[in-house]
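See structure below.
The values are calculated or read from the model by the stated rules, or taken from the named source; none is laboratory data. Everything numeric in this text was worked out from a predicted model, so none of it was measured. Cβ placement follows ideal geometry from the backbone for every residue including glycine, while neighbour counts extend to all protein chains displayed. We work out accessible area using only protein heavy atoms, side chains counted, and drop any ligands, DNA or RNA first. Shrake-Rupley method; radii C 1.70, N 1.55, O 1.52, S 1.80 Å.
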Amino acid sequence: MPPHTLAHMSNDARAQAPSVRLGPAAAGSCRRRVHLDHVPIADRATRTALDPAAKLLLADIAQHRDVALAIAGAQVPEGALLARSLRSERRLAVIDLLIPDGQGYVPILIRGHRTLDAGTGAPVSVLADPLARWSSMDYKQRPHQADALALAHCYRLLQDLGMAATRAIGGIIGRGNVEPELICWHDLDGPAPSTLADYDVRIADRFAVADAAAQQAPPLAWPSRVAECRRCPWDSLCSAELAARRDISLIAPGADAVNLRSAGLLTVDDLAAATDEQLAVVAANGLTGSRTSEGRIKARAWQRGKLLARRREVVQVPRADIELDVDMESYVEDGAYLWGTYLTGTGPGLTAVSAQGGEPGYRGFVTWDPLPAQAEGEAFVEFWAYLQGLREIAVGGGLTFAAYCYSRSAEDRWLLSTPVRYPQVPGMPTVAQIREFIGSLQWVDIYEVVGREFMVSGSRRLKTVAPVAGFSWRDPEPGGANSMVWYRGAVGADGRPPDDALKVRVLEYNEDDVLATLALRNWMTDRAADDTPTVAELELLTPLQVSGPR
């Protein structure tokens, strides 16, 4: 990659340019984003504007912060400071709560996500006595590296200003926890790897990147695909550059791309043509041999426009006499308001269901009461009773049953947490009953099946994979973030009357999500062998020779 230089700016001018200040997100941010945010000549017209869904979620989180600050202001001890905007020579931040400890201040931030899960050991306290921490017997800490790095930034900022407490700790007030008044604590200078030590290395690098950008010196960061790209305003600019040079991170993002570049594999085409010796170098740098050899196959599939390559001749996907596709819709951390299902199966399976009064097709268990609300728990109980009824029909008829989802982590989370949040609702299952079901072979994650049966040369998201099976969504803008916008309008959370048309839009989108997993499953059973190459076939192919910008 040729260095970018600006001859019109002298070294003296660069030396006189003011140093930049960085905020709490910088240490965990993409290096190229830090560069583009600070380079004076960056074409900001190329930035992707926040879509309505993102704007709404940001506004909703800001509202949550305001409410949490009001509650904190009524409970925290005397001497605490609320919502202070601070800056030193190199750092700036808005710190939501500053708690005095006699020597200085301890930072506390309010976040729009959960900080606690069921378990034990989380260091917590309450707002009324925030520094009296204890180890919870009910919750474990949810890992959030971005929270820890932001707290480390705030602590260093307080040190810059001579305001820091002696002990390097910081707290997070999350959203959606069972007990919302709890503060979850982070020890910033604990046992290795220390958060502060990690932060110091990261922020020194980001300062260097930002300073070089501000001074219009040769850039220290170049585009590379990472998880952050999907929500970055510079994504369209970087994506165009990555596509033009067929960058390796298009199929091997993050740290994998770094390791591949270290072996001289800069493009997808380089990886497609890589020798075993080159892959051995990559493996020595952190990737396993199987992942590097798989990468070569993925690169050859990508060259030929194939997202999926079969790992075996016959794709194996669990099927059952009674099949239920499941997809849940939630709103941020406030709750799961819709459990959508689609019932299908074999002739005997559907006959058995029909004999009990059931019908195939879509059925949604939903509440339109603004969350959180007990009606959420009641809708969940109806869904659970329906699911259990199908399981019992299968057992009674000597038939098999399976329920299918796509990427089970969200469904599992709300399956397990709803009984904890609404134990008073009649018919609510126990957590043990939920665990028995999700730990059984009857709960099938098609996302995991796709990963087991195919090498995927791009994203494994449902919206990317289902079109391979010929499926398309009715809505022109399908997506989880957009569904949250529709939900707010549907329940009147935007200050206007509830919108029945948006209720229909949410239900149709949810129905299409469950139909997508069904279509994908049927395709894997019936047509995948005709539509996709095998890994063995790709291994025998000569890599395509493609030349382009590097």
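Of everything listed in (1) under 21 Å from the mean Cα position of the chain (by Cα); (2) of a type outside the set (S, T, N, Q); (3) open to solvent by 60 Å² or more (accessible area, probe 1.4 Å); (4) under 30 Å from residue 126 (Cβ atoms), the single unmet condition for residue 160 is (1).
Results for (1) without any contact (Cβ under 8 Å) to a residue 40 or more places away in the chain; (2) closer than 30 Å to residue 51 by Cα; (3) in contact with a strand residue (DSSP E or B) (Cβ under 8 Å, 6 or more places away or on another chain), shown as yes or no for each residue.
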residue: 237; (1), (2), (3): no, yes, no
residue: 266; (1), (2), (3): no, no, yes
residue: 272; (1), (2), (3): no, no, no
residue: 321; (1), (2), (3): no, no, yes
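The set of residues in segment 462-483 that are on the phi < 0 side of the Ramachandran plot, surrounded by fewer than 13 Cβ atoms within 10 Å (Cβ to Cβ) and either in a helix (DSSP H, G or I) or in contact (Cβ under 8 Å) with a residue 24 or more places away in the chain (or both) comprises 464, 474. For segment 58-99, a tally of residues being in contact with a helix residue (DSSP H, G or I) (Cβ under 9 Å, 6 or more places away or on another chain) and open to solvent by less than 40 Å² (accessible area, probe 1.4 Å) returns 10.
Among the criteria (1) open to solvent by 30 Å² or more (accessible area, probe 1.4 Å); (2) in a strand (DSSP E or B); (3) among the acidic types (Asp, Glu), the one residue 325 does not fulfil is (1). When 402, 385 are checked against the criterion of being touching a residue at least 40 places away in the same chain (Cβ under 8 Å), surrounded by 18 or more Cβ atoms within 10 Å (Cβ to Cβ), on the phi < 0 side of the Ramachandran plot and aliphatic (A, V, I, L, M), 402 stands alone in meeting it. Of all the residues in segment 321-374, those that are at pLDDT 95 or above, within 24 Å of the chain's Cα centre (by Cα) and on the phi > 0 side of the Ramachandran plot number 0.
Does residue 390 satisfy the criteria of being under 27 Å from residue 522 (Cβ atoms), surrounded by fewer than 21 Cβ atoms within 10 Å (Cβ to Cβ) and at pLDDT 95 or above?
The answer is no for residue 390.
Restricting attention to segment 175-218, the residues being in contact (Cβ under 8 Å) with a residue 60 or more places away in the chain, out of contact with any helix residue (DSSP H, G or I) (no Cβ under 7 Å at 6 or more places or on another chain) and aliphatic (A, V, I, L, M) number 3. Could you tell me whether any residue of segment 290-309 is in contact with a Pro (Cβ under 7 Å, 6 or more places away or on another chain), open to solvent by less than 70 Å² (accessible area, probe 1.4 Å) and either outside any helix (DSSP H, G or I) or farther than 16 Å from residue 541 by Cα (or both)? Yes, segment 290-309 contains a residue that is in contact with a Pro (Cβ under 7 Å, 6 or more places away or on another chain), open to solvent by less than 70 Å² (accessible area, probe 1.4 Å) and either outside any helix (DSSP H, G or I) or farther than 16 Å from residue 541 by Cα (or both).
Here residue 422 fulfils each of the conditions (1) among the hydroxyl-bearing types (Ser, Thr, Tyr); (2) surrounded by 15 or more Cβ atoms within 10 Å (Cβ to Cβ); (3) in contact (Cβ under 8 Å) with a residue 60 or more places away in the chain apart from (3). Considering 112, 174, 119, 102, the condition of being more than 21 Å from residue 199 (Cα to Cα) and either among the β-branched types (Val, Ile, Thr) or open to solvent by less than 10 Å² (accessible area, probe 1.4 Å) (or both) is satisfied by 174 alone.
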